[in-house]
Amino acid sequence: MCTVALVVAAGMTACGEQQVERGTPTSPSSSARPSVTTPAAAPTGVTPEGLQVRLELPRTTVRACKTLTGAVVVINPTGRAVDLWSGTVPGGPDCTPKHAVQLVGHGIDTSPAFTADCGSQPLRIASGTTRVPMSALTTYTSCSQDHPSIDSPRCGADGGPPGLPTGRYEARVVGSVLSAAPAVAVTVTS
């Protein structure tokens, strides 16, 4: 428990520093640049509709407090557009599917929050290849000044959640049929 608290405290400091230094220019030769690791071809999963899905990330190493970006690549081999819906209640209305990328690791709950509205449009996947842009934060999803916990540590100097502890995580698509995409290993650095 002490180790976790120390790692979290280090993450808070790093985020606070990054917030302050964001507007500071750096030279092109700066050694502060994060390393970039380009992943091999991502594994592919298959949805009940027969769509092939994979999570593609341009890099698998990212600094804490930064945003991990990528896309869910959907290959539709059916020869026709497929409309994806999310039936939230049996017999109820079909809703627009919601999805996000979640970083999973270190016993920390980084579950994304989805709004309760239903939405009336399907996620239309054209025949061929469709890229759905996605991103994930490398910070905790919440923080607390009064009652910090492992999932909601003390807020940083800027009042926001601190960065995740350094280490290995899995990036997973959650919240819709696109979650058939296999997880991708990601390393968070300080």
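Fully extending the segment from Ser111 to Thr129, taken as 0.36 nm per residue of separation minus the present Cα-Cα distance, adds 3.7 nm. Along its principal axes, the stretch 92-190 has C-alpha extents of 47, 30, 22 angstrom, given from the largest down. A full extension of the chain between Lys66 and Val174 corresponds to an added length of 36.9 nm, given 0.36 nm per residue minus the alpha carbon distance.
Against the empirical curve 2.2 N^0.38 Å, the C-alpha radius of gyration of the stretch 139-179 lands at a ratio of 1.44. Assuming 0.890 mPa s and 25 °C, estimate D for the stretch 39-155 with Stokes-Einstein, Rh taken as the Kirkwood radius over Cα pairs, in µm²/s. For the chosen part, D equals 148 µm²/s. Summing charges over all other residues whose Cβ lies under 11 Å from the Cβ of Pro161, with Lys and Arg as +1 and Asp and Glu as -1, gives -1. Each of His147, His99 was scored by other Cβ atoms within 10 Å of its Cβ. Listed from fewest to most, they are His147, His99.
Computed from the coordinates by the stated procedures, all read-outs in this text should not be read as laboratory data. Fair warning: this is a prediction, and the values are worked out from it, not measured in the lab. All Cβ positions, glycine included, derive from the backbone under ideal geometry; neighbour counts span all protein chains shown.
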